[in-house]
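One structure is given here, and the rest of the page talks about it.
The values are calculated or read from the model by the stated rules, or taken from the named source; none is laboratory data. What you see is a predicted model; the values in this text were computed from it and never measured. Glycine also receives a Cβ, built like all others from the backbone with ideal geometry; neighbour counts cover every protein chain displayed.
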Amino acid sequence: MEASPNPSSSPLASALSHLVDPLLHHFQRIPGSAIILRYVRSSYQDDPIRSLLELFLFVFALRTLLQSRTRGNQSGSNFVKLSEKEIDELVSEFTPDPLCAPLTPAESRELASVPTIIGGVSSRPKISLPTHHAGKPIQVTNLASYNFTNLAGSDSIKEKAILALRKYGVGSCSPPGFYGTIDVHVQLEEDIARFIGTDSCIIYSQAFSTISSVIPAFSKRGDIIVADRGVNFAIQKGIQISRSTVYWYDHNDMDSLEAVLETVKRDEKRRRGPLTRRFIVTEGIFESDGAIVDLPKVQELKRKYKFRLILDESISFGTIGATGRGLTELYGIPAKEVDMIVGSMANTLGGGGGFCAGSEEVAFHQRINGTAFVFSAALPAMLAVASSAAIGTMISEPSMFTTLQENVKALRSVLDHVESLRISSDPRSPLVHIQIRSKSERHPDTPLEKFERGKSSLGVGDVSLAVRPQQRPMVGSMGHDLGVDEQNRLLQSIVDDCLEHGVLLLRTKRLGSINPKLLETGPEARPNIRVAVSTAFTKKEIEKAANIIKASTIRMLGKRR
Amino acid sequence: MPESHSREAPDSFTVSSSNKSQVDSFPTAASSPQQPGRSPSLAAIIKKGLPTVRVSPSEVDPFATKIYSVQADANTMTASVDSAYIHRDLLASELDHPWSVSGSEGSSPGVESQPPSMTTGSTSASIESLESLQDLHNKNVQLRNEKLYAQLSSLAGKGGAPSATAQPPTSHGSSADGAVLLHSEFGYCPNQAFRYTSEHRQGASLPHPIEEEPSYFTVLTTYISYIFLIVIGHMRDYTGKRLFPKSYRHLVERDGYAALNSDFDSFYTRRLKARMDDCFSRPVTGVCGRTVVTLDRVSDDYYQSFRLTGEKTRALNISAYNYLGFAQSHGGCADAVEECLKRYGVSSYGSRLGVGSLDLHAQAEKLVARFVGKEDACIISMGFATNSTTIPAIASPGTLIISDEYNHSSIRFGARLSGAHIRQYKHNDMEKLEALLRECISQGMPRTHRPWKKILLIVEGLYSMEGTLVNLPEVMRLKEKYKFHLYIDEAHSIGAIGPNGRGVCDYFGIDPKRVEILMGTFTKSFGAAGGYIAGDKALIDRIRLTNHANVYAETLAPPVLTQIIASMASIMGAGNVQEEKSLLPSWVQLPAPLMDGSEGRERLRRLAFNARYLSSGLRKLGFIVYGHRDSPIVPLLIFHPAKMPLFSRMMLDRQQSLPPSERIVAEESDLTSEQLKAINDPASVANMDRPARPPIVVVVVAYPATPLISSRVRFCVSAAHTKKDIDDVLRACDEVGSLLKMKYGSGGPGGRWNVEQVIERCLDLVAWNGEDPI
């Protein structure tokens, strides 16, 4: 276009045209050039400004096209131009930090406190711990593993797994999208969907990665998530990666949920943008403190405010409800009315992997958009078969769930009366979380005047130092008078003491949440000991174990109330 | 084991491969003629130097020859036998000859006299499972007899009995002690010429693979195809929404709910991918080994839904990540897994830090650390999660992550979670990487210009879509200069690359201690699941405490751990070094060839040969093939979107690519579809040497896994494939590729060859350096 001839008579122009002519000649050989030329000529005659504008636009488009999109910093105004020599110097001066800091003594102790199970998990496994008897294996009563319905001891499941091994081998060697969809996977998906009562289901090869893949599959940037402050780590990671707008409501507080939903509604109205997807994310039985969500209320609110519900049933699936079908059964709500139920096949079913049950549409969508589903090899066939077999066992022996509830009751009847403990779990939850009671919270059994006296005394155990009420010690966080480290230390001493008496417990290990200022404030984030009740024990055995825990607690915490 | 069962597993044959073991394991054969009324067993026949000759190939398999008259190469079937005589013999010999899985234990008369070593490899072959594995063939006794024929003739065809019996001890996996292996899972390929070592000249930088560009015509027509598809898709959406609003209900907002997936987001899925949905997620059953049984399905509504027909097809599987062929239901590894299931059960019911830590985990981690050459290792129960939960554990804001543009989704997932600053560079382009490093170090953090706390370079050892290896020598040079930390994701390369199968460090001869973090998965080469992170002790301890999966996720199931231990020990040859042997659990008893590493070496060498052969062969045929030739991932470029489903379907249903005249022959024969399938069954011993047309399952990948125009088919070769399997794949590609006009390439230096030439000169191709004309 620059080559368009300009009729002029000056010698400079003739020299220019001499230069331009061969170019023009080549240009004319391009098919369609005549049309462009004619267009430029006529437009220039009619409106020179317009052709100048067009030329400018053309150059701009060319520049945009040629400019690399991934130049990043270099194009920024903040880029400092340096000579090669300067860069070389900077490079040689660059001293990076080591990849990670070595463990502190406390961290090493933490790692060393993890017991190793020798020769398979059962209700009475042999464990070895470097801090106990120099690692000599000891047999213990297992109240730490997620072996709620004692499928770890089932020989029929083992046999089915062996048959599966002889038919399918071990690994699937392919992602499900290619040739990793084995008939047993389809079977397991059907089994779970039928068991819970949804239309469809999709299985992932790791339970932890399931929910952190389900959330971003549906909730994208600009969508809205309303989540409980106490949700587990996997959900937090899912929320983090989805980059959605998050609103948090107080842990298991339905009024707070309603208030937050109201806020969202108001914000939406003010913004007047297009309709976005909105989700409530919560757990059935909370992994962090054992509370049970009030599902009917959540359902009611979700309908009122037009939200969808993503319910993590990792713990509640296969443990509560008359036949183990989870929270929906407990509250008599059809599972189809919950939009997405996410659960684990590793906790109760004793296989591996996780699932997301919901409508056909929900499952289908994840088959292409569930990152951890698409980009990972399928679950080993043997684990799928074991999970299917476990569901079969649950259906044929529903009495196990009554036994489980009885055992929970037996444990709670003892532990509920230990005044120095705060049990955050719901009375129905098979996962019992034990926290150290804060001095500012009164146990129902504690007489009021004793509580008042205890509140103003500092310290633990026999050491009791009277302080004036106005100097009430609040050194700890999360509304507790003790610091997190101190609580952890005391809880660990209870765990160690119980182990001495043959009961295996677990002090829950936690990683920092995605938003400590918001999520680590409530009592649900306090350190705790996790007791997993199992049907493997008789009521007597459970009571005996509970009394051991009680005795240890009193030994370690003393008369703390 | 009842007799009737033993008769019904004809193809699951064992091959005793050493001379010695032949002698050991044949007392049956020797004694059987003495039994009145019994005809000599197959082994005895072979020993005597059998076959005297007369039969034409058509007698071996009349149908096959009709159809494959073109390819059937007479010289592979020179052997011939007196049909009536042998027929009777085979029926008898089938009952007690040691080649049959089922003959190994049970009621056949010779069993008592068999030495125990016959079956130690797999004492517990479950008959039911074998039956179902092979049930395709069980239905057709007649055809089976013919196959046994062919088995005999093919063996005899190799120059008589000695060649069949005098195979090298490692020619067929752990068969030297009589272990039962299934040809359908791990192919029988005794010829030692078909072996190679995967290795790179030490110190030298890795040259870029020669990647031919397609012609402008191809590129243009590809773009036009996509434009067509997109325009038609939008037209369908436009009219569909108005005419059939019901079927679009889930895409529009209703009752105040936004659509779960908007029509714009799902456009690609609904309008482009849905056209070829039959090529994805094909359901399978059985072991995903050398062959796989697909469950046939049809769609009545343009792939909106599928219906299983109930029929099954056994197809040659050149798409699984089963690089070393450890996806097996029988053999030493599977036996160890069974023992583990009995001892440990299926699950560990907890996370590593949550009382789910077994002694088996500690043992497996020590073994892995030893295998990759690092101080310590940590095992995570899912390959994807290994990256996605470890990167956030070691990187944080203030860290710069430099990542190859083709890094796997799990790495991006993890990098995003970590909160670190992320920069990408062009795939494997070391100059761009150096420029980026210079820029990042000199500029420091954005805005503040503070120096980065640390720089983490994340690369993959072998890129799963490109088949390219990382240029590690060059990366190491840059690492010295720019002091970044290096994280190598060896998901595909561990076990598959290097003379000892220990990944890219082994391949390039680089000390693994110089790399900070080695990550890998067990899903691929080890036939298991899960992944590992290996590094210095301090680093791994830190990761144990901070890795999300280690704290919260379930642990790897004990049987899967055992598969890892057994397969890894056999690659290492753990029995040779006392220190390594002591890392194995005492109850893991592996057969000798696994223990001394001879089988592991054999598998590595077979894989290396197969990889180079297929990659070079396809190039020579004129296809555009990406990647390095040592890579077991061989991507073949398709470009045009319409050819993707066609290629996949034609490879699976080989009738489709036959000329009409030949198709009629098959259609008009009286054979049922099952019989027709049985003729080309890749697991059949009859097809061990003869050019066959087995169904082949392939993986086609397109956008978004690849750039829009370079859609491709991705072959993954395995040590389980025989040289002849690769021949079949090459023939199939040649046939289908010619039909679909997919040969966009020049054939590399030296020009194109035809398929017979490629097969004939396979050894030259494998030895070829790729640069000189050939």
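Of the helices (runs of 4 or more DSSP H) lying entirely inside region B:603-705, those carrying at least 2 residues that are in contact with a strand residue (DSSP E or B) (Cβ under 8 Å, 6 or more places away or on another chain) are B:643-652, B:673-679. For region B:449-482, a tally of residues being closer than 17 Å to B:Gly535 by Cα and in a loop (DSSP other than H, G, I, E, B) returns 1. Against the criterion of being touching a Ser or Thr at 6+ places or on another chain (Cβ under 7 Å), within 12 Å of chain B (Cβ to nearest Cβ) and basic (Lys, Arg), A:Arg530 qualifies. Residues that are buried (at least 16 other Cβ atoms within 10 Å of the Cβ), over 15 Å from A:Leu99 (Cα atoms), facing chain A (nearest Cβ under 8 Å) and touching a residue at least 12 places away in the same chain (Cβ under 8 Å) within region B:441-457 comprise just one, B:Ile441.
Looking only at region A:1-42, residues that are among the polar types (S, T, N, Q) and modelled with pLDDT under 75 come to 5 in all. Filtered by the rule that a residue be outside any strand (DSSP E or B), over 23 Å from A:Ser122 (Cα atoms) and within 14 Å of another protein chain (Cβ to nearest Cβ), region A:326-347 gives A:Glu337, A:Asp339. The condition of being at the interface with another protein chain (Cβ under 10 Å from one of its Cβ atoms) and in contact with an Asp or Glu (Cβ under 7 Å, 6 or more places away or on another chain) holds for only one of B:Ser329, B:Ser348, that being B:Ser329.
There is no residue in region B:496-516 that is in a strand (DSSP E or B) and either outside the structural domain of B:Arg370 (by TED's automatic domain parsing) or out of contact with any Pro (no Cβ under 9 Å at 6 or more places or on another chain) (or both).
For region A:348-406, the helices (runs of 4 or more DSSP H) that sit wholly inside it and include 2 or more residues that are more than 9 Å from chain B (Cβ to nearest Cβ) are A:360-369, A:381-396.
Remark: pairs (first residue in region A:57-73, assigned to a helix (DSSP H, G or I) and at pLDDT 80 or above; second residue surrounded by 10 or more Cβ atoms within 10 Å (Cβ to Cβ) and of a type in the set (A, V, I, L, M); Cβ separation under 9 Å; 6+ apart in sequence or on different chains) = A:Phe58/A:Met1.
Yes or no, residue by residue, for (1) buried (at least 24 other Cβ atoms within 10 Å of the Cβ); (2) touching a Phe, Trp or Tyr at 6+ places or on another chain (Cβ under 8 Å):
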| residue | (1), (2) |
| --- | --- |
| A:Ser156 | no, no |
| A:Ala164 | yes, no |
| A:His185 | yes, no |
| A:Ala193 | no, no |
| A:Ile215 | yes, yes |
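This table checks each residue for (1) more than 7 Å from chain B (Cβ to nearest Cβ); (2) part of a helix (DSSP H, G or I); (3) among the hydrophobic types (A, V, I, L, M, F, W, C); (4) out of contact with any Ser or Thr (no Cβ under 7 Å at 6 or more places or on another chain).
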residue: A:Ala164; (1), (2), (3), (4): yes, yes, yes, yes
residue: A:Lys167; (1), (2), (3), (4): no, yes, no, no
residue: A:Val186; (1), (2), (3), (4): no, yes, yes, yes
residue: A:Glu190; (1), (2), (3), (4): yes, yes, no, yes
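Among the criteria (1) part of a strand (DSSP E or B); (2) buried (at least 24 other Cβ atoms within 10 Å of the Cβ); (3) touching a Lys or Arg at 6+ places or on another chain (Cβ under 8 Å), the one B:Gly520 does not fulfil is (3). With respect to A:Thr276, determine if the residue is more than 14 Å from every other protein chain (Cβ to nearest Cβ) and at pLDDT below 95. So A:Thr276 does not fit the description; no.
Taking the stated definitions as given, is B:Ala592 of a type in the set (Gly, Ala, Ser), touching a residue at least 40 places away in the same chain (Cβ under 8 Å) and either closer than 16 Å to B:Gly527 by Cα or away from every other protein chain (no Cβ under 14 Å) (or both)? So B:Ala592 fits the description; yes. If you go through region B:517-575 and keep only what is among the acidic types (Asp, Glu) and either at the interface with chain A (Cβ under 7 Å from one of its Cβ atoms) or within 14 Å of A:Leu379 (Cα to Cα) (or both), you end up with B:Asp541, B:Glu554.
Of the residues making up region A:102-127, those that are closer than 19 Å to B:Val551 by Cα and within 8 Å of chain B (Cβ to nearest Cβ) are A:Pro102, A:Leu103, A:Glu107, A:Ser108, A:Glu110, A:Leu111, A:Val114, A:Pro115, A:Thr116, A:Ile117, A:Val121. I want to confirm something. Restricting to region A:128-160 and keeping residues that are assigned to a strand (DSSP E or B) and at the interface with another protein chain (Cβ under 9 Å from one of its Cβ atoms), which single residue is nearest to the chain's Cα centre (by Cα)? Here the answer is A:Asn142. Considering each residue of region B:332-345, count those that are out of contact with any Leu (no Cβ under 7 Å at 6 or more places or on another chain) and more than 7 Å from chain A (Cβ to nearest Cβ), and give that number. Residues that pass the stated criteria total 4.
Scanning region B:581-597 for residues that are hydrophobic (A, V, I, L, M, F, W, C), within 13 Å of B:Ser567 (Cα to Cα) and not in a helix (DSSP H, G or I) returns B:Leu584, B:Val588, B:Leu590. Would you check if B:Gly398 is touching a Leu at 6+ places or on another chain (Cβ under 6 Å), more than 7 Å from chain A (Cβ to nearest Cβ) and touching a residue at least 12 places away in the same chain (Cβ under 8 Å)? Against the criterion (touching a Leu at 6+ places or on another chain (Cβ under 6 Å), more than 7 Å from chain A (Cβ to nearest Cβ) and touching a residue at least 12 places away in the same chain (Cβ under 8 Å)), B:Gly398 does not qualify. State which residue is farthest from the chain's Cα centre (by Cα) when the search covers only region B:231-255 and only residues that are in a helix (DSSP H, G or I) and aromatic (Phe, Trp, Tyr). Ranking the candidates gives B:Tyr238 first. Filtered by the rule that a residue be within 11 Å of chain A (Cβ to nearest Cβ) and closer than 19 Å to B:Cys288 by Cβ, region B:682-721 gives B:Val697, B:Val698, B:Val699, B:Val700, B:Val701, B:Arg714, B:Cys716, B:Ser718, B:Ala720. Within region A:92-111, residues that are more than 23 Å from B:Gln443 (Cα to Cα) and in contact (Cβ under 8 Å) with a residue 24 or more places away in the chain have Cβ atoms under 6 Å from residues that are loosely packed, with under 13 Cβ neighbours inside 10 Å and not polar (S, T, N, Q) in no pair, counting only partners at least 6 apart in sequence or on another chain.
B:Val717 meets each of the listed conditions (1) surrounded by fewer than 20 Cβ atoms within 10 Å (Cβ to Cβ); (2) of a type in the set (A, V, I, L, M, F, W, C); (3) within 21 Å of the chain's Cα centre (by Cα) apart from (1).
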